[in-house]
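Structure record follows, encoded as structure tokens.
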Amino acid sequence: MNLQSNDFVLFGLPERFEQDRATLDQRWKDLQRQVHPDRFAADAATAQRVAMQWSVRINEAYQRLKNPLKRAAYLCELRGAPIQAENNTAMPSAFLMQQMEWREALDEATSAADLQALKAQTQSSARELTAQLAQALDTDGDATRAAQSVRALMFVERFASEVEDRLDQLGQ
């Protein structure tokens, strides 16, 4: 193992968007068992420090790989299409119109039913964008198109969080 290896190599997984969560979880447990700092408690300080570095590296990789949005963004980066969400906000006009409609609906929502309907729309949109990511990354090999879908999914997830916050305020 090499600390500089990409997350997929580190976990011994194919460099794909679609991943089996059970396999990922098991691989994480196996890796952590191998390098957990407690196994090196009786060793020299250097070995303990290296074990800690490995443990942190494995945990960071696991957090990135287990989250579909983070995994997609990471794959885009690896394939030369950085997300650059702060600098690249260009989106198709239909997507922007949808976001404006959602914003208005959120502003006008007066009941839990209104918010639940908006939540269902965002969940549907997130599923559709996730399927587009799988297609772009695993089938078409189009990291640039996938990066645009990642940026869109980032927005949808942020907006869905706002809807959830409003539902929480209503005690739903």
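Each reported figure results from applying straightforward, stated rules to the coordinates on display, with no laboratory input. Just so it is clear, the model here is predicted, and its values are computed rather than measured. Here the Cβ positions follow ideal geometry from the backbone for every residue, glycine too, while neighbour counts run over all protein chains shown.
Quick notes
- Gaussian network model of the chain, springs between alpha carbon atoms under 10 Å - residue of Thr23, Thr130, Thr144 with greatest fluctuation: Thr23
- Tilt relative to the chain, helix 143-169 - C-alpha long axis, 0 to 90 degrees, to 10: 70 degrees
- Helix 68-78 vs. the chain, principal-axis angle (Cα, 0 to 90°, nearest 10): 70 degrees
- Basic side chains Lys and Arg get +1 at the Cβ, acidic Asp and Glu get -1 at the Cβ, and with that the dipole of segment 33-172 about its Cα centre reaches some 780 debye.
- Whole-number D in µm²/s for the chain (Stokes-Einstein; Kirkwood sum over Cα pairs; 4 °C, 1.567 mPa s): 71 µm²/s
- GNM flexibility winner over the chain from Glu128, Glu18, Glu108 (Cα, springs under 10 Å): Glu108
- Chain lengthening between Gln116 and Asn88 when straightened (0.36 nm per residue, less Cα-Cα): 7.0 nm
- Working from label points 7 Å from Cα in the Cα-to-Cβ sense, the Glu15 to Asp30 distance is 2.1 nm.
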